[in-house]
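*Asks:* This is the structure I want to talk about, given as structure tokens.
Quick note: the coordinates plus some simple rules give every number you see, no bench work behind them. Quick caveat, the model's predicted, so the values are computed rather than measured. Cβ coordinates were reconstructed from backbone atoms using ideal geometry, including for glycine residues, and neighbour counts include every protein chain displayed.
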Amino acid sequence: MTRRARVVTGVGVVAFAVACWLPSSARLSAWGAQGHHIVARIAWAEMTPAARDRAAAILGGGQDVFVGAATWADEVRPTRPETSNWHFVDIPVGQPRYDAARDCKPAAQGDCIIAEIDRLRAALADAKRTDEEKAEPLKFLIHFVGDLHQPLHDIDDHDRGGNDVHVEALRGAEGRATNLHAAWDTGLINLSTETEAARAGRLIDDLNTHPADTTIDVVKWSEESHALAERVAYHYAGFSPAGPPREAVALDAAYRDAALATIDQQLERGGARLAALLNALLR
């Protein structure tokens, strides 16, 4: 079976291995390692001491282990195909509201990220479960809250969340062609020379002056990301609600500026909201 070539970044070898066997309808990871780590760093900074202590007890380590756990769900994906659809929800272009019957149908590859986050919250709240039994749900939750805030994980335009939209190399002659989903996962973030720790620190500082809405409403969070995908991620030349263009698109300076501002905003929200969830669950 032939597949469309794509640039693989972020989780590197693991992501490439996934690409080699996933069916053409499947998606790859969101944010890449750097983005997921930033969400986790922000969350750790915003968590209460009690929630941090409980997370450390469950995972067997402190901040470094917590941040490292943010990519675990992608790392196990090749051997856990039943988890594939848990990384996203396909709310169609032009439909502003999530419809579980339409967007979260059961399948061999799982249903969707919204349903799975609900199950993970229940697992972590279950007093009968041991810390060992809560480790996997916590690692999944750290990852999936990050995924939910990548706008292209909450939308579809007959293009697998932007995977089928060809994009010209972001670095011009020095780079390689990519796709829209990969550009949002890693390509646009990697244009900056800012380190992971520095970016997380900057976004934490911004949260201190511009707090995010951390009201716990997973469906609302997804619909918010969906709206950003329509307004920003899909605001490229040649977009059509009928599906991706045949030719590669160029992401101009105005698009990149809007995308980078949205990415920072969503990383902040993802981190702050993950902290809110864990503060409520880990007491």
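*Asks:* Once amide H atoms are built 1.01 Å from N in the peptide plane, which residues 5 or more positions from ASP156, or in another chain, come under 5 Å H to H?
*Replies:* So ASP156 has HN proximity to ILE91, VAL93.
*Asks:* Using only helices, what value at 222 nm comes out for the chain when you add -39,500 (n - 2.57) per DSSP H run of length 4 or more and divide by the total residues, to the nearest 500 deg cm²/dmol?
*Replies:* It comes out at -15000 deg cm²/dmol, rounded to the nearest 500.
*Asks:* Treating only the Cβ of Lys, Arg, Asp and Glu as charged (+1, +1, -1, -1), what charge dipole size does the range 13-281 show about its Cα centre? Round to the nearest 20 debye.
*Replies:* 340 debye
*Asks:* Counting only residues 5 or more places away or on other chains, whose amide H sits under 5 Å from the amide H of VAL249 once H atoms are built in the peptide plane?
*Replies:* Here HIS166, VAL167, GLU168 satisfy the definition.
*Asks:* Something else: Could you list ASP264, ASP147, ASP131, ASP64 in order of exposure, starting from the residue whose Cβ has the fewest other Cβ atoms within 10 Å?
*Replies:* Fewest to most other Cβ atoms nearby, the residues stand as ASP64, ASP131, ASP264, ASP147.
*Asks:* So what J values fall out for the range 243-255 if you push phi through Karplus, 6.51 cos²θ - 1.76 cosθ + 1.60 with θ = phi - 60°, rounded to Hz, Gly and Pro as x?
*Replies:* x, x, x, 6, 8, 5, 9, 9, 8, 6, 4, 5, 4
*Asks:* Now for a separate question. State, as an integer percentage, the relative contact order of the range 13-281 based on alpha-carbon contacts under 8 Å between residues 6 or more apart.
*Replies:* 28 percent
*Asks:* Listing LEU203, LEU278 from the residue with the fewest other Cβ atoms within 10 Å to the one with the most, what is the order?
*Replies:* Final ranking by Cβ density, sparse to dense: LEU203, LEU278.
*Asks:* If one takes the longest principal axis of the Cα atoms in the chain, at what angle in degrees, from 0 to 90 and to the nearest 10, does the Cα axis of helix 131-148 lie?
*Replies:* 30 degrees
*Asks:* Quick one: check the C-alpha center-to-center distance for the range 41-59 versus the range 192-266, whole angstrom.
*Replies:* Cα centroid to Cα centroid, the span is 26 Å.
*Asks:* Another question, if that's okay. In degrees, nearest 10, range 0 to 90: what is the angle between the Cα axis of helix 113-125 and the longest Cα principal axis of the chain?
*Replies:* For 113-125 against the chain, the angle is about 10 degrees.
*Asks:* Could you derive backbone 3J(HN,Hα) for the range 79-89 from the dihedral phi with the Karplus parameters 6.51, -1.76 and 1.60 (θ = phi - 60°), listing whole Hz in sequence and x where the residue is Gly or Pro?
*Replies:* Here the 3J(HN,Hα) series is 9, 10, x, 5, 9, 4, 6, 6, 7, 7, 9 Hz.
*Asks:* Got a sec? How would TYR234, TYR255 order by Cβ neighbour count within 10 Å, fewest to most?
*Replies:* Going from sparsest to densest Cβ surroundings: TYR255, TYR234.
*Asks:* If you don't mind, there's one more thing I want to ask. Given points 7 Å out from each Cα along the Cα-Cβ axis, report the GLU136 to GLU247 separation in nanometres with one decimal.
*Replies:* 4.9 nm
*Asks:* Output wanted: per-residue J couplings in Hz (rounded whole) for the range 223-239, from phi through Karplus 6.51 cos²θ - 1.76 cosθ + 1.60, θ = phi - 60°, x for Gly and Pro.
*Replies:* My calculation for the range 223-239 gives 5, 5, 5, 4, 5, 5, 4, 5, 7, 10, 4, 8, 8, 10, 4, x, 4 Hz in order.
*Asks:* Compute the signed sum of charges (Lys and Arg +1, Asp and Glu -1) over the other residues within less than 14 Å, Cβ to Cβ, of GLU132.
*Replies:* +1
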